[in-house]
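A short write-up of the structure that comes next.
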Amino acid sequence: MLSIYTNISSLQAQTSLSRLEPEIQTCMQRLATGKRINSAKDDPSGIGRATRLESTIREQRVLIRNAEDTISSYEFRDGTLASIQEVVQRMNELKLSNYSNEPETIKELTALSSFANTLCLSSNLSITISENDNLDTLKQHIETINLERATIGATINVTQMRIEYWQKSNENYTSAYGNLMDTDYAEETAKLARLLILKQAGIAVLAQANKMPFDILKLLNF
């Protein structure tokens, strides 16, 4: 129907164009930012899941850093214990030598025991090493250190296993987060091209619809 006051075709074309514009803006924003969700309206349920995933990812990264710091601390202590062990073994060798009662040997034993005790304090090892310790006592010290190092080694291994678990879990959570938040450029560029074509078609239809009232003039021979 030709009408001057009510141009339904024009109104329909305008409505179609007004609906296309927000979609085009959303596509362009996603392509510009690299994010599929830039505001809550883009995906109301998705942004909630993404926020929870991001929180978990951050928490796990903190756990990983803390565990790595723990391993570094234990490795430092193990290195100190290894040094104490070397000192005690040297003292054991001196005690076994034929010169164990020589002044120079006694002086070395005194220096070694002093150094070993300093290391024991720094590593919280509850033994006291003396230049007067006999062979059995020195062997006991060595065994105590071996047990302590074995405990440290087991703790490091368990902690490393936890780190590997958290790292794998973090990869999975990060992948899920990326699927929710990251722009799929192939999808969005194809969608934008389709929307722009529809926009151009809508503009052409609107232009044609706006000409329709002038056809009335032709009918009236104006």
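The values are calculated or read from the model by the stated rules, or taken from the named source; none is laboratory data. Here the structure is a predicted model, which means the values were calculated and not measured. Backbone-built Cβ (ideal geometry, glycine too); neighbour counts: all protein chains shown.
Assorted remarks:
- The listed residue being at positive phi and out of contact with any His (no Cβ under 9 Å at 6 or more places or on another chain), out of N98, N117, N124: N124
- Boolean, T105 is within 30 Å of L135 (Cβ to Cβ), among the β-branched types (V, I, T) and surrounded by fewer than 15 Cβ atoms within 10 Å (Cβ to Cβ): no
For every residue, the table says whether it meets (1) assigned by TED's automatic domain parsing to the domain that holds Q167; (2) out of contact with any Lys or Arg (no Cβ under 7 Å at 6 or more places or on another chain); (3) assigned to a loop (DSSP other than H, G, I, E, B); (4) under 30 Å from A193 (Cα atoms).
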| position | (1), (2), (3), (4) |
| --- | --- |
| E21 | no, yes, no, yes |
| Q25 | no, yes, no, yes |
| R49 | yes, yes, no, yes |
| S55 | yes, yes, no, no |
| R61 | yes, yes, no, no |
| R65 | yes, yes, no, no |
| T70 | yes, yes, no, no |
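- Of residues in the range 103-148 being of a type in the set (D, E) and not in a helix (DSSP H, G or I), the one nearest to V87 (Cα to Cα): E131
- Selection status of A67, touching a Phe, Trp or Tyr at 6+ places or on another chain (Cβ under 9 Å) and modelled with pLDDT of 95 or more: yes
- Among all residues of the range 77-87, there is none that is closer than 12 Å to T159 by Cβ and of a type outside the set (D, E).
- Enumeration of residues in the range 4-50 that are farther than 25 Å from T174 by Cβ and acidic (D, E): E21, E23
So that you can scan it fast, the table gives a plain yes or no per residue for (1) under 21 Å from the mean Cα position of the chain (by Cα); (2) of a type outside the set (F, W, Y); (3) closer than 30 Å to Q60 by Cα:
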{"position": "S100", "(1), (2), (3)": "no, yes, no"}
{"position": "E104", "(1), (2), (3)": "no, yes, no"}
{"position": "S126", "(1), (2), (3)": "no, yes, no"}
{"position": "T137", "(1), (2), (3)": "no, yes, no"}
{"position": "I145", "(1), (2), (3)": "no, yes, no"}
{"position": "A154", "(1), (2), (3)": "no, yes, yes"}
{"position": "Y165", "(1), (2), (3)": "yes, no, yes"}
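- Pairing each residue of the range 200-212 that is in contact (Cβ under 8 Å) with a residue 40 or more places away in the chain with any residue that is part of a helix (DSSP H, G or I) and hydroxyl-bearing (S, T, Y), provided the two are 6+ apart or on different chains, yields C-beta distances under 6 Å for G202/S16; A209/S9; A209/S10; N210/S10.
- Qualifying residue in the range 192-206 (condition: under 17 Å from R36 (Cβ atoms), surrounded by 14 or more Cβ atoms within 10 Å (Cβ to Cβ) and not charged (D, E, K, R)): yes
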